[in-house]
1. Restricting attention to the range 92-107, report how many residues are touching a helix residue (DSSP H, G or I) at 6+ places or on another chain (Cβ under 8 Å) and exposed (fewer than 15 other Cβ atoms within 10 Å of the Cβ).
2. Which condition number in (1) of a type outside the set (Phe, Trp, Tyr); (2) assigned to a loop (DSSP other than H, G, I, E, B); (3) touching a residue at least 24 places away in the same chain (Cβ under 8 Å); (4) out of contact with any strand residue (DSSP E or B) (no Cβ under 7 Å at 6 or more places or on another chain) is the one that Lys119 fails?
3. How about the range 83-97: which of its residues are touching a residue at least 12 places away in the same chain (Cβ under 8 Å) and either of a type in the set (D, E, K, R) or not in a strand (DSSP E or B) (or both)?
4. Report, by residue number, each residue of the range 46-77 that is loosely packed, with under 14 Cβ neighbours inside 10 Å and either within 15 Å of Gly102 (Cα to Cα) or of a type in the set (Phe, Trp, Tyr) (or both).
5. Val6 is checked against (1) in contact with a strand residue (DSSP E or B) (Cβ under 9 Å, 6 or more places away or on another chain); (2) over 23 Å from Lys119 (Cα atoms) and fails just one. What number does that condition carry?
6. When the residues of the range 38-71 are filtered to those that are farther than 15 Å from Val16 by Cα and free of Cβ contacts under 8 Å to residues at least 24 places away in the same chain, which remaining residue is farthest from the chain's Cα centre (by Cα)?
Amino acid sequence: MKNGWVQACFVGCDRVAANGDTANKIGTSGVAILAKHYGIPVYVLGPTSTIDMSCPDGDHIPIEERDGEEIKTMWYEKPMALPEVKCYNPAFDVTDHDLIAGIVTEKGICRPPYTKSLKALFDDKK
């Protein structure tokens, strides 16, 4: 990104809140923050079925938490931490709508303000 080799970032999503906040796999929010820093637009790709207009914002998106043992033992030949170590293992993170240049759906591209453009997807009788 710093070298100017990236002109845009495209990420998926598992859920979109009414204000445009999105939930996707861990690390998506970090990519969006870095892209914003370097002036690179981030576009979220997802079908309209991922948009939840009853969910006001990312603070209300339930985040799946996976078993902490997965981090310590599942992918390794030997445990990577002592048994008493507690692990927080969320499956998703939330990307704030102000980091997103557009949300691409099968009905078109929504742009800020998302409270209006996302709503219009469902008001349209296409």
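The values are calculated or read from the model by the stated rules, or taken from the named source; none is laboratory data. Because the structure is predicted, anything quoted here is derived from the model rather than measured. Here Cβ is always computed from backbone atoms with ideal geometry, including for glycine, and neighbour counts include all displayed protein chains.
1. 2
2. (2)
3. Passing the criteria: Val85, Lys86, Cys87, Tyr88, Asn89, Ala91, Asp93, Asp96, His97.
4. Across the range 46-77, the qualifying residues are Pro47, Trp75, Tyr76.
5. (1)
6. Checked the range 38-71; the qualifying residue farthest from the chain's Cα centre (by Cα) is Glu69.
Residue-by-condition table, conditions (1) of a type outside the set (Asp, Glu); (2) in a helix (DSSP H, G or I); (3) modelled with pLDDT of 95 or more:
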site: Val44; (1), (2), (3): yes, no, yes
site: Ser54; (1), (2), (3): yes, no, yes
site: Thr73; (1), (2), (3): yes, yes, no
site: Ala81; (1), (2), (3): yes, no, no
